[in-house]
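A single structure is presented below for examination.
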Ligand code: ADP
Ligand code: ZN
């Protein structure tokens with residue numbers, strides 16, 4: 001049985017055809033234009049294959065309350081053409097197969113939990129640091145949705161005194177994580193492409209400080225058994241040892257765990273085991289879950 005997967009992003013829609021176990025067989029990508037243009041392209045590509053279900057990992061915010069009449073719709077995104085767009089209902093109807101949706105980061109968290117850095121554990125936090133910052137959370141083996149869904153990227157942090165841009169770039173909040181530490185924030189603060197900055201640029205120490213504040217806050221709030229940091233900015237692999245060290249310093253030895261020691265933290269704050277495939281794998285797993293739910 002084949003599964004369709006959609007990674008719905010603000011700049012592109014990546015459609016994949018794969019197996020219920022998360023293996024990818026075919027892939028196509030379309031720019032995210034208006035829904036009237038882009039959705040037919042998605043449907044045309046996926047319809048070429050005999051898929052039994054569809055899994056969607058989407059940008060948000062999304063309505064993920066199964067009891068809501070607008071379940072599976074995008075809600076108040078700054079992308080006005082997609083505001084209130086019924087992504088799940090529309091694709092389910094047009095493709096005529098069972099479908100499931102979650103946030104892009106929850107999909108990636110699910111994949112890392114089942115098949116990557118979280119294998120054998122009961123909880124995992126996945127955070128992507130890219131154009132924006134988002135977090136997906138698994139606790140007790142289940143993705144956390146809660147009131148709406150976690151918006152970890154908008155956690156309010158303590159700005160550093162030495163930060164030349166201590167308010168950040170988020171239009172909603174002063175000094176939230178995304179506003180201070182997303183790729184565009186780094187580039188605005190220093191007037192330089194993040195990809196071109198050398199390892200000794202002061203941008204990286206500041207970046208590690210903010211990501212360590214997030215890790216420490218997450219550890220004392222939800223106590224995940226592993227923290228996975230992915231996304232374009234985390235291509236800077238030298239950030240990992242700095243974030244680990246600063247996280248331990250912020251915790252001050254208070255939380256007792258062999259993971260939270262200078263030796264243990266190397267396998268606690270880690271890059272995605274599935275690399276850049278966490279998102280697509282997660283969408284395929286969501287599709288497989290939709291199929292199972294139908295057959296149950
Ligand atoms: P998106 O968040 O749009 O899905 P990415 O996760 O690739 O995509 O994030 C893009 C952001 O990551 C950009 O702001 C870019 O500056 C930054 N970025 C991408 N690659 C690198 C890199 N090698 N080093 C530092 N920053 C990077
Ligand atoms: Zn914010």
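Between residue 131 and residue 205, take the C-beta separation as r, use R0 = 25 Å, and let me know the FRET efficiency to the nearest 0.05. If you can, show how the numbers build up before the last one.
Numbers: r = 22 Å, r/R0 = 0.88.
Given R0 = 25 Å and the Cβ-Cβ separation, E is 0.70.
Order of 261, 209 from fewest to most other C-beta atoms within 10 Å?
Ranked by crowding around the Cβ, least crowded first: 261, 209.
Can you tell me the length gained on complete extension of the stretch residue 142 to residue 81, counting 0.36 nm per residue apart and subtracting the Cα distance? Present the calculation step by step, with values, prior to reporting the outcome.
On the way: separation 61, 0.36 × 61 = 21.96 nm, distance 3.19 nm.
Using 0.36 nm per residue and subtracting the Cα-Cα distance, I get 18.8 nm.
In degrees, nearest 10, range 0 to 90: what is the angle between the Cα axis of helix 202-222 and the longest Cα principal axis of the chain?
70
Given points 7 Å out from each Cα along the Cα-Cβ axis, report the residue 167 to residue 238 separation in nanometres with one decimal.
Those two pseudo-labels are separated by 3.1 nm.
Let me ask another. Using a Förster radius of 51 Å, what is the FRET efficiency between residue 71 and residue 267 based on their Cβ-Cβ separation? Nearest 0.05, please.
Values: r = 38 Å, r/R0 = 0.74.
Efficiency, rounded to the nearest 0.05: 0.85.
Another question about this same structure. Within a 10 angstrom radius of the beta carbon, how do 59, 172 rank from fewest other beta carbons to most? Present the calculation step by step, with values, prior to reporting the outcome.
Details: 59 23, 172 9.
In order of increasing Cβ crowding within 10 Å: 172, 59.
Which residue fluctuates the most in the chain, going by a Gaussian network model with Cα springs under 10 Å, if the choices are 120, 135, 279?
Maximum fluctuation in the GNM of the chain, among the listed residues, is at 120.
Within the range 217-242, which residues have the backbone N less than 12 Å from the label spot 7 Å out from residue 158 along Cα→beta-carbon, could you tell me?
In the range 217-242, the label zone of residue 158 (backbone N under 12 Å from the point 7 Å along Cα→Cβ) covers 217.
A further question on this structure: Report the extension gain between residue 295 and residue 25 in nm, rounded to one decimal, defined as 0.36 nm multiplied by the number of residues separating them, less their alpha carbon distance.
Values: separation 270, 0.36 × 270 = 97.20 nm, distance 2.36 nm.
Working it through step by step, the gained length comes to 94.8 nm.
Determine how many Å³ per residue the convex hull of the Cα atoms of the chain encloses. If you can, show how the numbers build up before the last one.
Values: hull volume 39.4 nm³, N = 296.
Considering the Cα atoms of the chain, their hull volume per residue is 133 Å³.
Based on alpha-carbon centroids, what's the gap between the range 130-198 and the range 243-296 in Å, whole number please?
Value for the Cα centre distance between the two parts: 18 Å.
Hey, what angle do you get for helix 239-251 against the long axis of the chain, alpha-carbon based, 0 to 90 degrees rounded to 10?
Tilt relative to the chain: about 70 degrees.
Based only on other Cβ atoms within 10 Å, what is the fewest-to-most ordering of 294, 114? Mind showing how you got there, number by number?
Values: 294 12, 114 18.
By the 10 Å Cβ count, ascending, the order reads 294, 114.
Based on the Cβ-Cβ distance of residue 94 and residue 198, what FRET efficiency does E = 1/(1 + (r/R0)^6) give at R0 = 35 Å, to the nearest 0.05? Intermediate values should be presented prior to the final figure.
Numbers: r = 49 Å, r/R0 = 1.39.
Efficiency computed from Cβ-Cβ geometry: 0.10.
Taking the Cα atoms only, what angle lies between the long axis of helix 104-115 and the longest principal axis of the chain, rounded to 10 degrees?
It is inclined by approximately 90 degrees.
Here's something else I'd like to know. I want to verify a result. In a Gaussian network model of the chain, Cα cutoff 10 Å, which of these has the top mean-square fluctuation: 159, 202, 86?
Largest GNM mean-square fluctuation: 202.
Right, something else. What number, in percent, do you get for the relative contact order of the range 44-117 if the mean sequence gap of Cα pairs under 8 Å and at least 6 apart is divided by its residue count? Mind showing how you got there, number by number?
Numbers: 94 pairs, mean separation 26.0, N = 74.
Relative CO of the range 44-117 lands at 35 percent.
Laboratory data are not the source of any read-out in this text; all were calculated from the coordinates shown. Note that the coordinates shown come from a computational prediction; the quantities given were computed from them, not determined experimentally. Cβ atoms come from the backbone with ideal geometry, glycine included; neighbour counts cover every protein chain shown.
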